[in-house]
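One structure is given below, encoded as structure tokens.
The values are calculated or read from the model by the stated rules, or taken from the named source; none is laboratory data. What you see is a predicted model; the values in this text were computed from it and never measured. Positions of Cβ are backbone-derived with ideal geometry, glycine not excepted, and every protein chain shown enters the neighbour counts.
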Amino acid sequence: MKTAHFSKFPIVLALLLTLRSAVKQIVAVDGMSGTWELLLNSTGVVAMHVALTHLNTVVLYDQTSSGRSAYHLPRGLPCPSVSTDADDRKESGCWAHSMEYDVATNTIRPLSIRTDTWCSSGSFLSDGTLEQTGGYKQGARRIRYFRPCADRNCDWNESSSTFLAEGRWYATNQVLPDGERVIIVGGLNVFSYEFIPKSRDDEGAYDLPFLHDTREPHVKGGNNLYPFVHLSSDGNLFIFANRDSILFDYRRGTVLRTFPRLPGDGSRNYPSTGSSVMLPLEHLDNFQRVEVMVCGGAATGAFQATLNGDFYQGLSSCGRMVITGDDPRWEMEDMPGPRLMSDMLLLPTGDVLLINGATHGCAGWEKAINPVLAPTSTNRRTHKVGDSLSSAPRRSLGCIIRRPSSSPTAAFSSAVATLISDTTSPGTLTPRS
């Protein structure tokens, strides 16, 4: 297999699961392998984060301290305040570090981000506004908004009066049931959660001991950053970090249930980055049964090994658990091969597409090798039972290996993918920061 060291790749829009025929072919029937369609040679900005808006545009943004991009900001747009570091200011200057891609016209335009969004997090509000929080240095406590507009004159708006209670880098955002309030969980050396907007002026952050408990202090990043957070049908939060998970009542600040540890070695969260999805709810039970899936990640000791030039093989296992059941247990399954730094997309069929990533190493600068070029789709209703490989039930994931792309897609923390809408399939957002 060809070996490639991952640092930061300018994303090519061919690596979005593209519109029209590409989407139709890849999700049609098991016998069809689909195609990749090249839309632009380069966006000019590294897509560390990607979000699909309700106006069928794609917003992508990088860290503002990443140096030059392919585009200067147009005259009149504010230049980013990258950091207090003189070299950062000299390199980044007035370069664009965010873009909006218009699917219909296949064009891009630069956007202006003021503070550093490196490994920040975000979510959409009920009105379609992208709320984006945290980041690096001056950006760690910032709150930013992008309100999509039809005339393409909108840009990022950063609050100058409202800030996060704590600086958050590698945190996770989840919009809450009212559609307007967001919870932000964790961050590097931050073992708490907070809400925006605040319920009162003096509201701060709230401790979450679970984040202390799941951190590995000997690993940079702790293997519990960017925790997986899913809103359950009962209004509580499923929070997964490292290999452990809880059901959390955010209203009372109470852990309602501690779930069994995910079987096997290795970790599933940054820098041992795997991926997670909540499987589609069913109308037959009034959308009450909730099942989550966690796939891939890095082997035990992977981060430390990369410091010596060793790249351990990533994890090929997935765990599924019905979190609303009376006796929740992980059911283990296998992907066709190891995968870390991947993304999981829910397709209109209800199946899951696993895309992007690497086979060896972990997340971080130059810490992963061997890109995974072939997407894998799963049919959650037709799994084939395989040999038992652990004390937990384990079965084949029932995967179909799709036609590979020719371009590796990974970033220093995670690859990103978005399912773009066409005339027959609704758009789906994968939140991944």
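Quick notes on this one:
- Every condition in (1) within 27 Å of Gly364 (Cβ to Cβ); (2) surrounded by fewer than 23 Cβ atoms within 10 Å (Cβ to Cβ); (3) modelled with pLDDT of 80 or more holds for Gly93 except the one numbered (3).
- If only residues of segment 318-334 that are in a loop (DSSP other than H, G, I, E, B) and in contact (Cβ under 8 Å) with a residue 40 or more places away in the chain are counted, the one that is surrounded by the most Cβ atoms within 10 Å (Cβ to Cβ) is Trp330.
This table checks each residue for (1) among the basic types (Lys, Arg); (2) touching a strand residue (DSSP E or B) at 6+ places or on another chain (Cβ under 7 Å).
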| position | (1), (2) |
| --- | --- |
| Pro197 | no, no |
| Lys220 | yes, no |
| Leu231 | no, yes |
| Thr254 | no, no |
| Gly264 | no, yes |
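- Residues (touching a residue at least 40 places away in the same chain (Cβ under 8 Å) and under 15 Å from Val352 (Cα atoms)) located in segment 291-316: Val292, Met293, Val294, Cys295, Gly296
- Test: residue in segment 185-205 that is more than 21 Å from the chain's Cα centre (by Cα) and in contact (Cβ under 8 Å) with a residue 40 or more places away in the chain: yes
So that you can scan it fast, the table gives a plain yes or no per residue for (1) of a type outside the set (D, E, K, R); (2) farther than 24 Å from Ser65 by Cβ:
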position	(1), (2)
Tyr136	yes, no
Asn157	yes, no
Gln174	yes, yes
Asp178	no, yes
Tyr193	yes, yes
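- With a requirement of 3 or more residues that are small (Gly, Ala, Ser), none of the strands (runs of 3 or more DSSP E) lying completely within segment 136-195 satisfies it.
- In a residue-by-residue description of segment 246-254, the property of being among the hydroxyl-bearing types (Ser, Thr, Tyr), surrounded by fewer than 15 Cβ atoms within 10 Å (Cβ to Cβ) and not assigned by TED's automatic domain parsing to the domain that holds Cys362 applies to at least one position.
- Under the condition of being under 17 Å from Glu166 (Cα atoms) and within 20 Å of the chain's Cα centre (by Cα), the residues counted in segment 104-130 number 7.
For (1) at pLDDT 95 or above; (2) closer than 19 Å to Arg215 by Cα; (3) surrounded by fewer than 18 Cβ atoms within 10 Å (Cβ to Cβ), each residue gets a yes or a no:
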{"site": "Ser267", "(1), (2), (3)": "yes, yes, no"}
{"site": "Asp285", "(1), (2), (3)": "no, no, yes"}
{"site": "Ala298", "(1), (2), (3)": "yes, yes, no"}
{"site": "Thr306", "(1), (2), (3)": "yes, no, no"}
{"site": "Gln313", "(1), (2), (3)": "yes, no, yes"}
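- Search result, residues across segment 349-373 that are part of a loop (DSSP other than H, G, I, E, B), over 23 Å from Gly264 (Cβ atoms) and in contact with a strand residue (DSSP E or B) (Cβ under 8 Å, 6 or more places away or on another chain): Asp351, Glu366
- Residue match in segment 38-55 (condition: on the phi > 0 side of the Ramachandran plot, in a loop (DSSP other than H, G, I, E, B) and either modelled with pLDDT under 85 or over 23 Å from the mean Cα position of the chain (by Cα) (or both)): no
- Test: residue in segment 150-162 that is assigned by TED's automatic domain parsing to the domain that holds Thr53, touching a Gly at 6+ places or on another chain (Cβ under 8 Å) and among the hydrophobic types (A, V, I, L, M, F, W, C): no
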